[in-house]
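Engineer: I have a structure I would like to understand better, so I am pasting it below and will then ask my questions one at a time.
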Amino acid sequence: MAPPNTDRKDWPLFEIFIRPKNGLSHKHVGSLHAADARMALDNARDVYTRRGEGVSIWAVPAASIAASDPSEKASLFEPADDKIYRHPTFYDIPAAVKNI
Amino acid sequence: MYTQGLDSKTEHGTQPPPRLVTAEDNRFQERVDAEEKIEPRDWMPEGYRRTLVRQISQHAHSEIVGMLPEGNWITRAPSLRRKVALLAKVQDEGGHGLYLYSAAETLGVSRDELVEQLLSGKAKYSSIFNYPTPTWADIGAIGWLVDGAAIMNQVPLCRCSYGPYARAMVRICREESFHQRQGYELMLALATGTAEQKRMAQDALNRWWWPALMMFGPSDDQSAHSAQNMAWKIKRFSNDELRQRFVDATVPQAEFLGLTIPDPDLRLDPESGHHRFGAIDWTEFNEILKGNGPCNRERIEARRKAWDEGAWVREAASAHAAKRAARALKKAG
């Protein structure tokens, strides 16, 4: 993991999420430093939506994000790999049966 | 390219001493070979991290310094159409600098450190931004040639093995194609204008052609880190390969403009289909990298001045944020 940023001159880092249009989820587009959340929103508008990329912005303090550790990838995600019975194709249905 | 300082052997002296290859190194290389992307918190060799921090930050500095030669012309653009285009282009470059600084920060370096490296003159940026822009035609030549060369280099970087860098490059490339087109359109207007305008266009081409070729960095046999960076898939094509592609793409564009590329040795090799070009003056390139170009001092001074004169804005923004936070606290309490 990258060492935490302890330089106090730096403004906090915000992660920016944009909803491209209504009906779609907000998607992470990048990050920026700002003195506070309002400035983060203003700057995100100028930096990440100069060409009609979105209709809504979320600015989330990066320090507030809890993230899983890549070294725990195996213990977190591999248990799902052998549970093929969670997928519809695991179950045998005769071809004659329709609408299922 | 924007990070050509990395390639120069003189900067690092000799190759770094060989180190032991560990099992982790091998696993990492397997992931890269399989075209898996590396993300910020994944394990990576220190050399990979170091190279990326240097490359991405040099790239970011180049975008920021690159705003200066053009920003100089915003108030003097000959029409509103040209002015809004130039303003939008320079604004994009500020944004590109930000995307890249953010990508570098994911590797554990702080923004303050990066800014400090630029202002102290320690950091490198592309040689191309140390040339002056004395005429309006230079704005056309920069868009056409400098952005054209940048795009040639940056498109393969969209497939770089490091995820945050690759994603930043995707955004940048998407935005950058307008930069080259507005430059070519501007050159076309001058080249088909009065005799004096055409002379201006030719003069700008004469001055920007060779510096644009130097943007791709030293020749492959002189380039210090090519092999390792290719293996890590930080780099996808060699400097000479990209330079050749640029020449092949640009020569017909110059012909269409009715302008002459200032290279008496330039000729089409019918067998390979490539345009062969004359020898590049690497003395000039090395002098600029060392800080002795026509505008090196001026560029850094301009950045320092902007930083110092912006101090009150940064202080006011911090004070305003603190005041608002205190008010919100009082209201809640």
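Engineer: Is one or more of the residues making up region A:83-98 facing chain B (nearest Cβ under 9 Å), open to solvent by 60 Å² or more (accessible area, probe 1.4 Å), at pLDDT 90 or above and part of a loop (DSSP other than H, G, I, E, B)?
Structural biologist: Among the residues of region A:83-98, not one is facing chain B (nearest Cβ under 9 Å), open to solvent by 60 Å² or more (accessible area, probe 1.4 Å), at pLDDT 90 or above and part of a loop (DSSP other than H, G, I, E, B), which makes the answer no.
Engineer: Which is assigned to a loop (DSSP other than H, G, I, E, B), over 30 Å from B:Ala328 (Cα atoms) and of a type outside the set (A, V, I, L, M, F, W, C), of A:Ser68, A:Ser75, A:Ser25?
Structural biologist: When all the criteria are applied, what remains is A:Ser68.
Engineer: Can you name the residue in region A:18-29 that is touching a residue at least 12 places away in the same chain (Cβ under 8 Å) and of a type outside the set (S, T, N, Q) and is also least open to solvent (accessible area, probe 1.4 Å) among such residues?
Structural biologist: My answer is A:Ile18.
Engineer: Next question. Hey, which of the helices (runs of 4 or more DSSP H) in region B:74-184, taking only ones fully inside, have at least 1 residues that are open to solvent by 20 Å² or more (accessible area, probe 1.4 Å)?
Structural biologist: By residue number, B:80-105, B:111-119, B:147-157.
Engineer: Something else now. Among the listed residues B:Glu30, B:Glu35, which satisfies the condition of being surrounded by fewer than 17 Cβ atoms within 10 Å (Cβ to Cβ), part of a helix (DSSP H, G or I) and more than 14 Å from chain A (Cβ to nearest Cβ)? Can you show your working first?
Structural biologist: Values: B:Glu35 fails: part of a helix (DSSP H, G or I).
Going through B:Glu30, B:Glu35 in turn, the sole match is B:Glu30.
Engineer: Right, something else. As an exercise: evaluate A:Arg45 against (1) among the basic types (Lys, Arg); (2) within 13 Å of chain B (Cβ to nearest Cβ); (3) part of a loop (DSSP other than H, G, I, E, B) and give the number of the one condition it does not meet.
Structural biologist: Here A:Arg45 clears every test but (3).
Engineer: Could we say that B:His225 is closer than 30 Å to B:Ala204 by Cβ and surrounded by 17 or more Cβ atoms within 10 Å (Cβ to Cβ) here?
Structural biologist: no
Residue by residue, here is whether (1) away from chain A (no Cβ under 11 Å); (2) more than 19 Å from the chain's Cα centre (by Cα) holds:
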position	(1), (2)
B:Pro78	yes, yes
B:Arg82	yes, yes
B:His96	no, no
B:Leu100	no, no
B:Gly108	no, yes
B:Gln117	yes, no
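Engineer: Check B:Ile234, B:Ile300, B:Ile261, B:Ile280 and return the single one that is in contact with a Cys (Cβ under 8 Å, 6 or more places away or on another chain) and either within 14 Å of chain A (Cβ to nearest Cβ) or open to solvent by less than 30 Å² (accessible area, probe 1.4 Å) (or both).
Structural biologist: Sole residue among the options that is in contact with a Cys (Cβ under 8 Å, 6 or more places away or on another chain) and either within 14 Å of chain A (Cβ to nearest Cβ) or open to solvent by less than 30 Å² (accessible area, probe 1.4 Å) (or both): B:Ile234.
Engineer: Could you list, in sequence order, the residues of region A:30-49 that are among the hydrophobic types (A, V, I, L, M, F, W, C) and open to solvent by less than 30 Å² (accessible area, probe 1.4 Å)? Before you say what the answer is, go through the steps one by one.
Structural biologist: At the first step, the residues of region A:30-49 found to be among the hydrophobic types (A, V, I, L, M, F, W, C) are A:32, A:34-35, A:37, A:39-41, A:44, A:47.
Correct list: A:Leu32, A:Ala34, A:Ala35, A:Ala40, A:Ala44, A:Val47.
Engineer: Another one. Which of (1) in contact with a strand residue (DSSP E or B) (Cβ under 9 Å, 6 or more places away or on another chain); (2) within 26 Å of B:Met44 (Cα to Cα); (3) away from chain B (no Cβ under 11 Å) is the odd one out, the single condition A:Phe77 does not satisfy?
Structural biologist: (1)
The values are calculated or read from the model by the stated rules, or taken from the named source; none is laboratory data. It should be emphasised that the depicted structure is a prediction, and the values quoted were computed from it without experimental measurement. Methodologically, a virtual Cβ is constructed for each residue, glycine included, from the backbone with ideal geometry; neighbour enumeration extends over all protein chains shown. When the accessible area is computed, the model is the full protein with side chains, heavy atoms only, and any ligands, DNA or RNA have been set aside. Shrake-Rupley method; radii C 1.70, N 1.55, O 1.52, S 1.80 Å.
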